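The values are calculated or read from the model by the stated rules, or taken from the named source; none is laboratory data. From a predicted model like this one, the values you see are computed outputs, not experimental measurements. FYI the Cβ positions are ideal-geometry reconstructions off the backbone, even for glycines, and counts take in every protein chain you see.
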Amino acid sequence: MTDHFCRFGIDRTFAVDRDRLERRFHEMQSASHPDRHVTSEMGRREQALAESSDINAAYRTLRESIPRAKHLVELYGFPISEQKSVPPSLLMTVMEAQEKIAELEMARDRLVKEKIMHELLAIVEELEGQRETIDAERERLARKWDLGMHTGDPALLSAEEKETLGRMAQLLSERAYLETLRLSVSAARHGKPAFIQH
Amino acid sequence: MAYSEKVIDHYQNPRNVGTLDPNDPSVGTGLVGAPECGDVMRLQLRINPDSGVIEDAKFKTFGCGSAIASSSFATEMIKGKTVDEAYEIKNTTIVKELNLPPVKIHCSVLAEDAIKAAIEDYKKKQESVAHAEPVAQ
């Protein structure tokens with residue numbers, strides 16, 4: 001797995017200095033930009049193009065806090081896709097909200113629609129509360145991690161470090177359910193059927 | 001990304017969408033989610049307690065086209081199978097049948113997990129039914 005932190009020469013932390021990141025991005029991009037290599041030989045030009053798109057991908061990952069956090073935990077061997085222990089109550093509530101959205105799409109009567117929307121928004125409010133709880137814990141864990149010195153080698157992680165990153169991976173997966181639901185709710189509020197593409 | 005014809009068919013005309021009574025002791029419910037993309041899938045089976053044959057299957061999936069197609073296809077595939085046969089179904093069968101691209105393999109894993117979760121729920125219910133029945137004097 002490519003280490004984007006390493007590529008940008010920055011520490012593996014959850015919080016990053018975005019101005020520094022942006023400056024670094026522009027420096028790296030101007031060094032490898034394909035336009036600088038128009039006169040170079042074919043092989044060198046292709047290499048510059050590939051490098052340039054790698055830098056773009058790394059920058060996109062590091063720029064936003066959620067993709068950056070996912071990348072960090074994955075580098076240490078905690079892929080989000082392996083987080084199977086989702087609280088059943090969260091899944092149930094998300095399912096319930098999705099069913100309300102489906103009902104809303106089917107309903108023709110204005111009063112019925114209003115009633116369903118009202119119920120949906122009550123669920124959404126509850127889930128927003130859960131998201132705030134998740135984000136508060138996420139921030140606490142991130143600060144704790146960012147203050148320490150850490151090994152770069154997943155095999156050398158201490159039990160405490162493993163616990164922090166494992167919990168972080170779980171929180172990120174719980175958040176993904178809320179995020180997908182948020183997209184569906186926002187589509188429903190605009191009267192559009194949700195069409196999900198990842 | 002281009003979906004295969006079979007995925008599009010199942011996405012546009014999903015089979016067996018619906019709900020079975022979750023409180024019915026012969027119904028097993030599996031509710032699973034994909035942690036990376038946040039898709040949720042509920043799969044329910046009605047099982048004949050005497051023969052162990054799956055007589056009905058319903059699903060509801062909120063997610064991408066591949067997740068909907070995977071669950072639709074899974075319900076079609078398991079009807080008429082015994083619980084034990086259904087438990088052995090692997091996601092790779094779904095991948096092959098629907099021609100899912102590598103980035104969508106997790107959708108088929110979700111369907112496999114949902115089948116297993118539904119069967120486990122059914123078995124747990126049957127055990128508690130057996131315990132609840134008065135012992136013959």
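Listed values, structure above:
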item: Filtered residue count, the range A:129-161, keeping only those that are part of a helix (DSSP H, G or I), closer than 17 Å to A:A69 by Cβ and in contact with a helix residue (DSSP H, G or I) (Cβ under 9 Å, 6 or more places away or on another chain); result: 11
item: Criterion (farther than 27 Å from B:E36 by Cβ and either exposed (fewer than 15 other Cβ atoms within 10 Å of the Cβ) or among the β-branched types (V, I, T) (or both)) met by exactly one of A:E46, A:E64; result: A:E46
item: Number of positions in the range A:14-47 that are farther than 11 Å from A:Y59 by Cα and in contact with a Phe, Trp or Tyr (Cβ under 7 Å, 6 or more places away or on another chain); result: 1
item: Residue match in the range B:11-32 (condition: of a type in the set (A, V, I, L, M, F, W, C), touching a residue at least 40 places away in the same chain (Cβ under 8 Å) and surrounded by fewer than 19 Cβ atoms within 10 Å (Cβ to Cβ)); result: yes
item: Failed item in (1) in contact (Cβ under 8 Å) with a residue 24 or more places away in the chain; (2) closer than 30 Å to A:T151 by Cβ, with A:Q29 passing the rest; result: (2)
item: Residue in the range B:76-90 that is within 13 Å of another protein chain (Cβ to nearest Cβ), free of Cβ contacts under 8 Å to residues at least 40 places away in the same chain, touching a Ser or Thr at 6+ places or on another chain (Cβ under 8 Å) and surrounded by 15 or more Cβ atoms within 10 Å (Cβ to Cβ) present; result: no
item: Breaking point among (1) within 13 Å of chain B (Cβ to nearest Cβ); (2) among the small types (G, A, S); (3) within 17 Å of the chain's Cα centre (by Cα), for A:G77; result: (1)
item: Single condition B:F62 does not satisfy, out of (1) farther than 22 Å from B:D24 by Cβ; (2) aromatic (F, W, Y); (3) modelled with pLDDT of 95 or more; result: (3)
item: Qualifying residue in the range B:13-34 (condition: in a helix (DSSP H, G or I), within 14 Å of chain A (Cβ to nearest Cβ) and within 22 Å of A:Q83 (Cβ to Cβ)); result: no
item: Any chance B:G38 is touching a strand residue (DSSP E or B) at 6+ places or on another chain (Cβ under 6 Å) and surrounded by 15 or more Cβ atoms within 10 Å (Cβ to Cβ); result: no
item: Residues that are more than 30 Å from A:A188 (Cβ to Cβ), free of Cβ contacts under 8 Å to residues at least 24 places away in the same chain and among the small types (G, A, S), drawn from the range A:123-156; result: A:G148, A:A155
item: Among (1) in contact with a strand residue (DSSP E or B) (Cβ under 8 Å, 6 or more places away or on another chain); (2) within 14 Å of another protein chain (Cβ to nearest Cβ); (3) outside any helix (DSSP H, G or I), the one test that B:A2 misses; result: (1)
item: Filter result for A:S53 (within 12 Å of another protein chain (Cβ to nearest Cβ), part of a helix (DSSP H, G or I), small (G, A, S) and free of Cβ contacts under 8 Å to residues at least 12 places away in the same chain); result: no
item: Filter result (touching a residue at least 40 places away in the same chain (Cβ under 8 Å) and either more than 9 Å from chain B (Cβ to nearest Cβ) or part of a helix (DSSP H, G or I) (or both)) within the range A:86-115; result: A:P87, A:L90, A:L91, A:V94, A:A97, A:Q98, A:I101, A:L104, A:E105
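For (1) in contact with a Leu (Cβ under 9 Å, 6 or more places away or on another chain); (2) under 30 Å from B:C107 (Cα atoms); (3) within 9 Å of chain B (Cβ to nearest Cβ), each residue gets a yes or a no:
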residue: A:M117; (1), (2), (3): yes, yes, no
residue: A:A122; (1), (2), (3): no, yes, no
residue: A:T133; (1), (2), (3): no, yes, no
residue: A:R140; (1), (2), (3): no, no, no
residue: A:T151; (1), (2), (3): yes, no, no
residue: A:L156; (1), (2), (3): no, no, no
residue: A:E163; (1), (2), (3): no, yes, no
residue: A:L181; (1), (2), (3): yes, yes, yes
